[in-house]
Amino acid sequence: MDRNQHRQSFSIHPYQIFVYLLIGAITVLFLSLTVAYLYTRVQHGLSPLKVPVIFIFNTFILLASSFCLIKAKRAYKDDNTGFYKKMLLVTIVLSICFMISQAYGWYRLFQSNLPLGVNNGVSYVYLISGVHFAHILAGMPFLIGFYRAARIRMVEPVSVLLYFSDPEKKTRLQLLTLYWHFLDILWIYLVVFFWLNYLLS
């Protein structure tokens with residue numbers, strides 16, 4: 001039994017178990033960080049921080065990247081080589097734009113006399129958004145890997161057929177898409193959390 005047949009014998013693919021556990025761990029991490037932020041702010045009587053408007057703009061960039069990844073997955077199912085590669089590339093570009101825009105958001109905070117370490121509340125904002133940034137960055141090699149593999153292997157009809165008929169590659173693409181959707185939801189939660197803290201205090 002080869003490696004692929006062995007993995008297919010599981011009712012749940014090992015990669016799925018890993019991604020589900022990863023998502024669960026990240027969820028617990030961010031819930032803990034946001035609860036800690038609330039506790040610190042209330043305990044020390046800190047004023048809530050109004051996050052830069054660029055953070056909201058970043059939400060739309062991240063949603064657009066996730067939408068393009070959905071399109072890439074559909075193109076994969078439809079054996080649409082050109083559109084598949086195009087949507088992967090657009091997803092990568094949008095993700096890079098998100099990271100650049102996020103860095104600009106931190107710069108705007110710094111310019112507003114809110115540098116890292118000015119108080120615990122502000123430090124939490126940098127920390128929480130920075131940890132989310134790190135998870136986006138961690139997913140980039142996988143996105144780039146899919147695009148690179150598509151560029152190298154999808155050059156003739158036979159190689160295209162082999163690429164699209166690979167069940168393990170299909171599973172990995174589905175899990176990467178799930179992970180990206182999770183990061184979208186997580187970012188929306190964080191932006192709403194900080195804005196509600198500001199508006200309701």
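What is the spin-label model distance, in nm, from R151 to C97 if the labels are put 7 Å beyond Cα along the C-beta direction?
1.9 nm
How large is the Kirkwood hydrodynamic radius of the chain, in angstrom, based on all distinct alpha carbon pairs?
18.7 Å
If each DSSP helix of 4+ residues adds -39,500 (n - 2.57) and the sum is divided by the residues in the chain, what number results at 222 nm, nearest 500 deg cm²/dmol?
Calculated from helices alone, the mean residue ellipticity at 222 nm is -29000 deg cm²/dmol.
Before anything else, pin down the relative contact order of the chain: Cα pairs under 8 Å, at least 6 apart, normalised by residue count, whole percent.
31 percent
Let's see if you can work this out: charge +1 on each Lys and Arg Cβ, -1 on each Asp and Glu Cβ, no other charges. What is the dipole magnitude of the stretch 151-192 about its Cα centre, in debye to the nearest 20?
80 debye
Which FRET efficiency value, to the nearest 0.05, is calculated for I70 and V28 with the Förster distance at 35 angstrom and r the Cβ-Cβ distance?
After rounding to 0.05, the efficiency reads 0.85.
Using bins 5 angstrom wide from zero, how does P(r) for the stretch 39-137 break down, in % of all Cα pairs?
Bin by bin from 0 Å, the calculated values are 3, 12, 19, 17, 14, 11, 8, 6, 5, 3, 1, 0.
Please find, in a Gaussian network model of the chain (springs between Cα atoms separated by less than 10 Å), the residue of H132, H181, H13 whose mean-square fluctuation is greatest.
H13
All of the numbers you see were taken from the coordinates with simple rules; none came from a lab. Please read these numbers as outputs of a predicted model, since none were measured by experiment. Methodologically, a virtual Cβ is constructed for each residue, glycine included, from the backbone with ideal geometry; neighbour enumeration extends over all protein chains shown.
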